Amino acid sequence: FQLLKHLERITSVGPRPTGSPENEVLTVNFLLEQIEHIKADSASGPNSVTVDVQRPTGSFSIDFLGGFTSYYDRVSNIAVRLEPKAGAQHLMLANCHFDSVANSPGASDDAVSCAVMLEVLHSLANLSTPLRHGVVFLFNGAEENVLQASHGFITQHPWAKQVRAFINLEAAGVGGKEVVFQTGPENPWLVQAYVHAAKHPFASVVGQEVFQSGVIPSDTDFRIYRDFGNIPGIDLAFIENGFLYHTKYDTSDRILTDSIQRAGDNILAVLKHLVMSEELADSSEYRHGNMVFFDLLGMVVVAYPARVGTIINYMTAMATFLYLFKKAGWVCCVLYVPFSQFPGGRYMKELAYATAVVILSWLVTLLTVLIIALVVSLTGRSMFWYNDFYTCIFMYGSAATGTMVLIHTLAKNLYYGVSCVGELYFDVSLLLWCGALVYLTANGLCSAYVPMLMVAFPLTTKLLLAREFKLRGASIKYSVLYQLGLALPYVHFMFLIWVVFEIFTPILGRSGTEIPPDVVLATLVTLTTLFLSSFFLHFIYLARSTKWLLAGLGTVFTVFLVLVLCGMFFPYTADPSGPRPKRVFLQHTTRTFHGLDGQVKSRDSGLWINSFDYTGMQHITPIIPEINDTIRTSCQEDRPFCGYPWFLPVKFLVKKNWYLPAPEVFPKSPIEFQVLSKEQTKWGTVKITFEVKGPSHMSLYLRPHQGASLSSWSFGDGVPQYHLAGEYFIFYSHGLDAPAWNFWFEIQDPSGPEGMISVAISSHYFFGEDQRTVQLEDMLQRFPKWAFPSSWVSTYHMYRY
């Protein structure tokens, strides 16, 4: 109950972007007030509470979204140190962030985690026994600004040097179970601590390896602590209902109390275990090695060292190959023909042919479903499944299953005739899964445990049901026993698949205008179908006929294809019980372009509109006719970042934009940009120094002209890096009372007629009076309820030197 009160208080102030009074004053004051109450309540106990408010300034580069540089000034951190009254040399870190993106209350991302941390702090501070080690609770106020506040703490705060490990609390959805989706690097003792202490475990090394592969366009403070602090940790996040992530629907009433209680139970138990552990004091002694870990339906976590997993995997693979070699040597086939007439080469040849048939069926099935997905996309019906996920299962799943069954039915009737080859196709599935097992293990991927389960259990089942396999037909007894033998790996695999769809389906609604989401989702559905059907393929060869199955699948596919092409499934909804909003960004902006002589060459103003999904404006245009393809923008390559005020460097994801003319904007706090000095250095470069005054969020774009190159600058480690197609992006933000932003760069001068470099700066007004204009408000009122237009005022100024 107390936690819910914390959550409601934090979110009641509204959106909390960095630099806003809601974030820097109201939320900070509330957190400090609660921490002081906890400190007073625990004053007589064996542990002490120390509070420090940090306002760091710094800069760093990060290879996220193509790579860019970040600069922050006086952002907010509230660090709370809980330790025995005698002091502690070693500290555990627990991290949450209380800021939010503009226009979202940010209940799950990440106010609920901060509310949980307050209650965990209260519980630990009131223990009757002293802690063995200390713990720092970091409430950071600039995570949505691309991980700035965590960088300020881990690189500048004096307590950071004593931190040995961390737990980061995040969100990629609204509620549900919090999943451990990253650990390490290495330090298997952290996974073991979670396995031992967590009351409601939910963890998967598959999620860790998928997230760290970069296919999910997101990042967390975990990266900062790992890369800049060189400390290991555990990353937890809520993942369910990601459709509401970073929208106005991310409210406290949508987070179930069971989710909050579960998260609190887990975090309190794990933190208590870690601060009492021996490993924290000398974590370097236990740092080497990775862990294979996964939970079984959220009830129990299985974890073992990766080196043990490697041994298990190779032993499983060896057993599979011995089984296959043994068959090649003495098993003739299910026809019981004498061995002398069927040497081992016959079996190997048939195995190779059958393997080719299976791989061909995979390729044809995938190609068929992708063609269907492309047809759906080209006819303007993309994302029909966004509001009702199971429609894509019925359409793409029935197409994939039907195509695969048809190919194997043709192979059975045209090539094998009356021969019973069911056992042969079981062996093919075993061989292919074994190949995946060997490949993943050889590449050091802990996710290899999945194909290990998909080999070990079917092989054991096959050996136990050897006599049943020799029968020409699939008896009911055999079918039941066979499915029971595969139950554990299949249930776990289906659980993993559910997690994948739970994460990726909402992401496809915010992955930009260039990636066809139906192609991605159709691929996932097809791969799921192929993987799940692998050990059931041989039933096609055991069955007398598949015509009724094919007829049923064909009917389902045809009905849903007709319904989809007729537009019966609309992607979005504003239904309060389960909203699926379309994400749109609107900026009322004024753009000003200066020439080499410093004079204004052109100026214009308008509403710059970005769609963050593949459908663009096709569903908006009938409602707001002015937003149509006649006002589509094109990238002006000679201008930094196409001449538009990108808040983040995502122009490669969102290439379809619209620009509707509108009156000029006049912020009450306009940007002030000036050159302080321009000088020739003795090593042949030109050094230009600038001063900028403006709102809390600004983006700086640098585009050296042909033949010119940046040699150094005042950001990060001084070496310009992470250029995007010849451009550099610097993300800037500040908290309260920040001074003017001063920076410089040095450039090799090519002495060309067009100058050395184009410099542009955009300002973004995310809160206060400057966030809105009359024209922006009027346009927002016209958007349908099923859309979520996130809006603000911006400016763009370009200069040439």
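The values are calculated or read from the model by the stated rules, or taken from the named source; none is laboratory data. The structure presented is a predicted model; accordingly, all values stated were derived computationally and were not measured. Cβ atoms come from the backbone with ideal geometry, glycine included; neighbour counts cover every protein chain shown. When the accessible area is computed, the model is the full protein with side chains, heavy atoms only, and any ligands, DNA or RNA have been set aside. Shrake-Rupley method; radii C 1.70, N 1.55, O 1.52, S 1.80 Å.
For segment 1-59, just say rounded, prolate or oblate: build the C-alpha gyration tensor, square-root its eigenvalues into a ≥ b ≥ c, call rounded for a/c under 1.5, and beyond that prolate if a/b exceeds b/c, oblate if not. Spell out each step's value before the answer.
Values: a/c = 3.23, a/b = 1.33, b/c = 2.43.
Verdict is oblate for segment 1-59.
Could you estimate the translational diffusion coefficient of segment 105-248 from the Stokes-Einstein equation, with Rh from the Kirkwood formula over C-alpha pairs, at 20 °C and 1.002 mPa s, in whole µm²/s? Present the calculation step by step, with values, prior to reporting the outcome.
Numbers: Rh = 16.1 Å.
My calculation gives 133 µm²/s for D.
Which value, in Å² rounded to 10, gives the accessible area of residue 296 with a 1.4 Å probe and all protein chains present?
Ignoring ligands and nucleic acids, residue 296 comes out at about 50 Å².
State the percent of C-alpha pairs, over all pairs in segment 582-800, separated by a distance greater than 28 angstrom.
Here the tail beyond 28 Å accounts for 32 percent of pairs.
Is it possible to state the helix-based mean residue ellipticity at 222 nm for the chain, with each DSSP H run of 4+ residues giving -39500 (n - 2.57), the sum divided by total residues, to the nearest 500 deg cm²/dmol? What is it?
Using -39500 (n - 2.57) per qualifying helix, the result is -11500 deg cm²/dmol.
Which order do 530, 431, 463 take when ranked by solvent-accessible area (1.4 Å probe, heavy atoms of all protein chains), largest first? It would help to have the intermediate numbers written out before the result.
On the way: 530 10, 431 45, 463 105 Å².
Accessible-area ranking of 530, 431, 463, largest first: 463, 431, 530.
Give me the angle, in degrees from 0 to 90, between the Cα long axis of helix 487-507 and the longest principal axis of the Cα atoms of the chain, rounded to the nearest 10.
Tilt relative to the chain: about 30 degrees.
Keeping all protein chains in place and using 1.4 angstrom, which order do 770, 778, 253 fall into by accessible surface area, from largest down?
On the way: 770 25, 778 90, 253 120 Å².
Final ranking, largest accessible area leading: 253, 778, 770.
Once the other residues with Cβ under 12 Å from the Cβ of residue 197 are scored (Lys, Arg +1; Asp, Glu -1), what is the net sum?
Values: positive: 199, 272; negative: 265.
Result for the local shell: +1.
Which of the three applies to segment 678-782, rounded, prolate or oblate, going by the alpha-carbon gyration tensor with a ≥ b ≥ c and a/c under 1.5 meaning rounded?
Values: a/c = 2.78, a/b = 1.93, b/c = 1.44.
Taking the square roots of the gyration eigenvalues as a ≥ b ≥ c, segment 678-782 is prolate.
Under a 1.4 angstrom probe, counting protein chains only, how are 666, 202 ranked by accessible area, largest first? Don't skip to the answer; put the middle values down first.
On the way: 666 155, 202 5 Å².
If we order 666, 202 from most to least accessible, we get 666, 202.
Would you work out what percent of the accessible area of the chain, with all protein chains in place, is carbon or sulfur (probe 1.4 Å)? Intermediate values should be presented prior to the final figure.
Values: 19220 of 31850 Å².
Summing carbon and sulfur atoms, their accessible area is 60 percent of the total for the chain.
With respect to the cross-link table entries 85/161; 161/272; 327/349; 177/248; 177/199; 668/785, which display a Cα-Cα separation exceeding 24 Å? Don't skip to the end; give the middle numbers.
On the way: 85/161 20 Å; 161/272 21 Å; 327/349 12 Å; 177/248 21 Å; 177/199 12 Å; 668/785 31 Å.
Result: 668/785 exceed 24 Å.
Out of segment 609-701, which chymotrypsin sites (Phe, Trp or Tyr not before Pro) are coil in DSSP terms and have no more than 14 other C-beta atoms within 10 Å?
On the way: sites: 612, 614, 641, 646, 647, 652, 658, 659, 673, 683, 690, 701; in loops: 612, 614, 646, 647, 652, 683.
Sparse-neighbourhood loop chymotrypsin sites (Phe, Trp or Tyr not before Pro): 652, 683.
Give me the extension gain from residue 364 to residue 254: residue separation times 0.36 nm, minus the current Cα-Cα distance, reported in nm with one decimal. List each step's numbers first, then the result.
On the way: separation 110, 0.36 × 110 = 39.60 nm, distance 4.31 nm.
Extra length from residue 364 to residue 254 when fully extended: 35.3 nm.
Residues with beta-carbon under 13 Å from that of residue 643, excluding residue 643: net charge, scoring Lys, Arg +1 and Asp, Glu -1?
Here the count lands on +3.
From the square roots a ≥ b ≥ c of the eigenvalues of the alpha-carbon gyration tensor of segment 1-289, which class results: rounded (a/c under 1.5), prolate (a/b over b/c), or oblate?
Values: a/c = 1.25, a/b = 1.10, b/c = 1.14.
Cα axes put segment 1-289 in the rounded bin.
At what distance in nm do the modelled label points of residue 603 and residue 536 sit from each other, each positioned 7 Å from its Cα along Cα→Cβ?
6.7
Can you give the local net charge around residue 673? Use residues other than it whose beta-carbon is closer than 10 angstrom to its beta-carbon, Lys and Arg +1, Asp and Glu -1.
Values: positive: 693; negative: 672, 691.
Once positives and negatives cancel, what remains is -1.
Specify the angular offset, from 0 to 90 degrees and rounded to the nearest 10, of the alpha carbon long axis of helix 344-378 from the longest principal axis of the alpha carbons in the chain.
Relative to the chain, helix 344-378 is tipped by roughly 40 degrees.
Among 656/693; 412/477; 582/651, which pairs are too far apart, with a Cα-Cα distance over 29 Å?
656/693
Once fully extended, how much extra length lies between residue 57 and residue 36, figured as 0.36 nm per residue of separation less the alpha-carbon to alpha-carbon distance?
Details: separation 21, 0.36 × 21 = 7.56 nm, distance 2.59 nm.
Taking 0.36 nm per residue and subtracting the Cα distance, the gain is 5.0 nm.
State log₁₀ I(q)/I(0) for the chain at q = 0.07, 0.10, 0.11 Å⁻¹ as given by the Debye formula over alpha-carbon point scatterers of equal weight, solvent excluded.
-0.62, -1.13, -1.27
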